[in-house]
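K.L.:
First, the structure itself, so that you have it in front of you.
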Amino acid sequence: MNAIKTPVPSRQKGFNRAEIVDQNFTEFVQAWQGDAASKPRDNEPVLPGSACSARDFHEMLESQLISRHLDLMARVLRVQNKVFYTIGSSGHEGNAMVARLTRHTDPAFLHYRSGAFMAERFRKLPGMDPVMDSALSFAASKEDPASGGRHKVWGSKPLWVLPQTSTIASHLPKALGTAIAIEQAQRIGHALPVPNDSIVVCSFGDASSNHATAQTAFNAAAYTAYQRLPAPVLFVCEDNGIGISVKTPSGWIANNFRDRKDLDYFFADGLDLAEGYAQVQRAVEHCRGTRRPTFLHLRTTRLTGHAGTDFEIEWRSFEELMALEATDPLLRSAAIALQSGLYTRNALLAEYEAIRTRCFAAAEQADRRPKLESLGEVMKPLAPYTPGAVEAEAERADYGDKRLAIFGGEDKLPEKLQPRHLALMINSALHDLLAKYPESLVFGEDVAQKGGVYTLTRGLYKAFKGARVFNTLLDETTILGLAQGYANMGMLPIPEIQYLAYFHNACDQIRGEAASLQFFSNGQYRNPLLVRIASLGYQKGFGGHFHNDNSIAALRDIPGLVVGCPSRGDDATTMLRTMAALCKVDGRVCAFLEPIALYMTKDLYEHGDGQWQFEYPAPAEAIPLGEGRVYNAGAKDLVIFTFGNGVPMALRAARDIEKLHNWKVRVVDLRWLVPLNDRFIVEQARSAKRIIVLDEGRRSAGVGEGVITAIVEGGLGATPLERVVGADTYTPLAGAALLVLPGEADVVAAAKKLSETSGNKA
């Protein structure tokens, strides 16, 4: 096809490069002197030899202009405090080709420079207005259809664009997970919310491709394809050559990705719609047809700086900025529009100005629309909870025939067996959940044939086969990315993280991605997860800090997350049922912390007493969110608040305290650590003469601070109180581990201290 020479804009040394980019377009069109061809019909190539038709080009040009004027509008109105976001898409408008060549039912996880993509995808459904919707988002109006005013995000429920905040590659694992889920759903007979041949679009910048999370996704995609498993994800690397102010070495993206096996590489010129269209088309068709992970290297440029606060003129030369601005894809599109005969100069400038007027008018209107004005409005979609519906779902037991088939008959149902320890009870509970929910999946490292490191998933693979119980590669970020993908496609993922310390490697997949989705989509999207994590200390010194991790603070800091921690098998069973119901009914993200040291524990006081084994609850039993367990409910002399490993420890210590001080001791098992049930804590503390808070977490970051805060804020701060807590250190190996974790003797010592300060009278 004939190349079009794009003239260099006139040299301008203004400080405001957005204004200069704007002026460049007008001056370029006014100065154009080329020969115009006869106007092509809609279905004819916009230029000879181009795969892009005149209609394709005309509509994508409009999308490009909308994106550009939204950027320019944001820069002008930000200083008037009418919009609140200035990370623009200028220079990336070629991503309109990706939107045009994919479907609106292809789930999309987008880079923040996706204005033209969104404007183009809006065409897929009638009656939608990308300008007004974007203006509402820029203005942080609660009428913003994407996030309800919570963030400037590119998102749309009807267009299958799942909202992202300012991500740096953290969305890539869940995009891959969604692609794998599209195929996995068909293997388990689950009805998808999108067509079976959908692909997943995931865009990001060249600088972000270097992030560990991005590399995790690329590796996992290749790992999947290497095994000839389908993973139809289109990774779109929008390469503008720079990350904020750090330049990407020339040729780095091509050299790094071009020859990767099992990650199929395509290049497209995102600066030229006539040239790049066929290149993008080949990548999209390859991904959809082969179901293989595909890497589309889209050439872009970045105009007007990283954001409105980035004045590039302060750190880049005029000559460099001029050269960049000469590559503006809108200048290229203008040249194509004029040479093809689709537009005259006056018509093109008139459309340019009409779209400017439209964007500013929408922004002014959006500025007058309601904003979020109360904490309740802000938090409404964060942590939905409908107790009645959750209780009904948790107690639903209409799958009796499936239970009989899975467990092997009436006499083998777990509730018919003798009392058992925690590990066996969790194993039975997982069998129950997979029988109850045919869309549920259990996956992680070693969970399939081996049955898990601690045998908690033993038998699941045999009972439910490899499509529902399967091993993953050894990478927690991938495991949680997969989980989000399955949830996006309507399944119930139950991933296992082998140790709590390993979760910290991938924490942002829960904090920044999974738990935030309902919040930033205003409740339109949800990705319910039930994450099981082998946790906490007291493994008799085995494994050091990676296998004795008592750090729960990172989980407690995640808004909207539910965290439960059982100390005994019957509680574990009924809590798992409630968590699964929270996932199904309210779309919640749940973390289930399983105390490793209690997995096989059978005895409480003496060897062989069997007092830490319990009967399996019938399938219609469940524990409401926030409900704790109370031992010796009427005791008032001392109340011990604790959880997990602390529960049997407190019960043993209580027996010694009763002998030493003649006190009646109540032990309160919190069971639910996030959110803490402040009302329950205060109720239990109100009648207490003395309080001990037993927390194996670290002194500066555990659960105990929340318990004490609830007590103080409940007006009970005068009650004598001691905290027994772990030390601020990593857990060492062997017997030294018990030096840094609280023990029974520490609880007894705290009681003695209370007796000295508050009196020893019962």
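Since every read-out is calculated from the coordinates, none of them should be taken as a lab result. Everything numeric in this text was worked out from a predicted model, so none of it was measured. So basically every Cβ, Gly included, is an ideal-geometry build from the backbone, and we count neighbours across all protein chains shown.
K.L.:
Using Cα pairs under 8 angstrom and six or more residues apart, how large is the relative contact order of the chain, in percent?
P.N.:
Values: 1655 pairs, mean separation 90.6, N = 762.
Once divided by the residue count of the chain, the mean separation gives 12 percent.
K.L.:
Same structure, new question: I'd like the distance separating the alpha-carbon centroids of region 214-250 and region 316-335, in whole Å.
P.N.:
First find each Cα centre; the distance between them is then 27 Å.
K.L.:
What is the calculated FRET efficiency for GLU19 to ASN196, with r their C-beta to C-beta distance and R₀ = 45 Å, to the nearest 0.05? Display every interim value, and only then the final one.
P.N.:
Details: r = 49 Å, r/R0 = 1.08.
Rounded to the nearest 0.05, the efficiency is 0.40.
K.L.:
Looking only at Cα atoms, what is the convex hull volume of region 417-508 per residue, in Å³?
P.N.:
Working: hull volume 9.0 nm³, N = 92.
Here the figure is 97 Å³ per residue.
K.L.:
A further question follows. Calculate, for LEU404 and ASP728, the FRET efficiency according to 1/(1 + (r/R0)^6) with r their C-beta to C-beta distance and R0 51 Å; round to the nearest 0.05. Let's see the in-between values first.
P.N.:
Details: r = 51 Å, r/R0 = 1.01.
Rounded to the nearest 0.05, the efficiency is 0.50.
K.L.:
Same structure, new question: Tell me, how many Å apart are the Cα centres for region 475-522 and for region 618-677?
P.N.:
31
K.L.:
What translational diffusion coefficient, to the nearest whole µm²/s, does region 387-598 have by Stokes-Einstein, given a Kirkwood radius computed over alpha-carbon pairs, a temperature of 10 °C and 1.306 mPa s viscosity? Kindly include the intermediate steps, with their values, before the conclusion.
P.N.:
On the way: Rh = 17.3 Å.
Value of D from the Cα-based Kirkwood radius: 92 µm²/s.
K.L.:
For a quick check of your reading of the filter: which trypsin sites (Lys or Arg not before Pro) in region 228-280 sit in a DSSP loop and have no more than 10 other Cβ atoms within 10 Å? Each step should come with its number before you reach the end.
P.N.:
Numbers: sites: ARG228, LYS247, ARG258, ARG260, LYS261; in loops: ARG228, ARG258, ARG260, LYS261.
Answer by residue number: ARG228, LYS261.
K.L.:
OK, next. Sort largest first and round to whole Å: the equivalent ellipsoid semi-axes of region 629-758, each the square root of five times a Cα gyration tensor eigenvalue.
P.N.:
Numbers: eigenvalues 93, 64, 34 Å².
Over the Cα atoms of region 629-758, the ellipsoid semi-axes are 22, 18, 13 Å.
K.L.:
Could you work out how far helix 569-586 tilts from the main Cα principal axis of the chain, as a 0 to 90 degree angle to the nearest 10?
P.N.:
So the helix axis and the longest Cα principal axis differ by about 30 degrees.
K.L.:
Then there is this: Report the full-extension gain for the segment ALA37 to THR105: residue separation times 0.36 nm, less the Cα-Cα distance, to one decimal in nm. Don't skip to the answer; put the middle values down first.
P.N.:
Working: separation 68, 0.36 × 68 = 24.48 nm, distance 3.67 nm.
Computed gain between ALA37 and THR105 is 20.8 nm.
K.L.:
For GLU353 and ALA389, compute 0.36 nm times the residue count separating them, minus their Cα-Cα distance, and round to one decimal in nm.
P.N.:
On the way: separation 36, 0.36 × 36 = 12.96 nm, distance 5.30 nm.
That works out to 7.7 nm of additional length.
K.L.:
In region 629-758, what percentage of the DSSP-assigned beta bridges are antiparallel, given to the nearest 5?
P.N.:
Numbers: 4 of 18 bridges.
Around 20 percent antiparallel, to the nearest 5.
K.L.:
So which aspartates and glutamates can LYS664 reach, going by Cα to Cα under 20 Å and dropping same-chain residues fewer than 8 places off?
P.N.:
Within the straight-line limit of under 20 Å, LYS664 reaches these aspartates and glutamates: ASP637, ASP656, GLU683, GLU722, GLU744, ASP746, GLU756.
K.L.:
Please report the antiparallel percentage of DSSP beta bridges with both residues in region 181-295, rounded to the nearest 5.
P.N.:
On the way: 2 of 12 bridges.
The antiparallel fraction comes to roughly 15 percent.
K.L.:
Suppose every K and R has +1 on its Cβ and every D and E has -1 on its Cβ; what is the size of the dipole of the chain about the Cα centre, in Debye to the nearest 20? If you can, show how the numbers build up before the last one.
P.N.:
On the way: 83 positive and 86 negative charges, 135 e Å.
Approximately 640 debye in magnitude.
K.L.:
If you don't mind, there's one more thing I want to ask. Report the antiparallel proportion of the DSSP beta bridges in the chain as a percent, rounded to a multiple of 5. Present the calculation step by step, with values, prior to reporting the outcome.
P.N.:
Values: 12 of 67 bridges.
So the antiparallel bridges amount to about 20 percent of the total.
K.L.:
Given the pairs LYS142/LYS174; LYS174/LYS416; LYS82/LYS124; LYS450/LYS602, which are separated by over 32 angstrom at their Cα positions? Walk me through the numbers on the way to the answer.
P.N.:
Working: LYS142/LYS174 27 Å; LYS174/LYS416 41 Å; LYS82/LYS124 30 Å; LYS450/LYS602 23 Å.
Table pairs above 32 Å Cα-Cα are LYS174/LYS416.
K.L.:
Still on this structure, I have one more. Just tell me which lysines come within less than 16 Å, Cα to Cα, of LYS436; anything on the same chain fewer than 8 places away is out.
P.N.:
Correct list for LYS436: LYS402, LYS465, LYS584.
K.L.:
Let me ask you something else. How tilted is helix 646-661 with respect to the longest principal axis of the chain? Cα atoms for both, answer in degrees (0 to 90, nearest 10).
P.N.:
30
K.L.:
Using a 10 Å cut-off around each Cβ, can you sort HIS545, HIS69, HIS607 from fewest to most neighbouring Cβ atoms? Write down the numbers at each step before the final one.
P.N.:
On the way: HIS545 18, HIS69 24, HIS607 7.
Ranking HIS545, HIS69, HIS607 by Cβ neighbours within 10 Å, fewest first, gives HIS607, HIS545, HIS69.
K.L.:
Continuing with the same structure: Counting helices only, and only those DSSP H runs with n ≥ 4, report the 222 nm mean residue ellipticity of the chain as the sum of -39,500 (n - 2.57) divided by its residues, in deg cm²/dmol to the nearest 500. Walk me through the intermediate numbers first.
P.N.:
Details: 27 runs with 296 residues, N = 762.
Taken over the chain, the calculation gives -11500 deg cm²/dmol.
K.L.:
Quick one: order ARG358, ARG316 by neighbouring beta-carbon count within 10 Å, fewest to most. Before the final figure, lay out each step's value.
P.N.:
Working: ARG358 19, ARG316 15.
Final ranking by Cβ density, sparse to dense: ARG316, ARG358.
K.L.:
Could you give log10 I(q)/I(0) at q = 0.18 Å⁻¹ for region 201-264, computed by the Debye formula over C-alpha point scatterers of equal weight, without solvent?
P.N.:
Once normalised to I(0) and log-transformed, intensities are -0.66.
K.L.:
Treat the count of other C-beta atoms within 10 Å as a stand-in for reagent exposure and order LEU754, LEU739 from fewest to most.
P.N.:
On the way: LEU754 23, LEU739 11.
Taking fewest neighbouring Cβ atoms as first place, the list is LEU739, LEU754.
K.L.:
Then there's this: By how many nm would the segment from GLU606 to LEU474 grow when fully extended, if each residue of separation counts as 0.36 nm and the alpha-carbon distance is taken off?
P.N.:
Details: separation 132, 0.36 × 132 = 47.52 nm, distance 3.92 nm.
Computed gain between GLU606 and LEU474 is 43.6 nm.
K.L.:
Right, another one. Does the chain come out rounded, prolate or oblate by the C-alpha gyration tensor, with a ≥ b ≥ c the root eigenvalues, rounded set by a/c under 1.5 and, if not, prolate when a/b is larger than b/c and oblate if not?
P.N.:
Details: a/c = 2.61, a/b = 2.01, b/c = 1.30.
Prolate, since a/c reaches 1.5 and a/b exceeds b/c.
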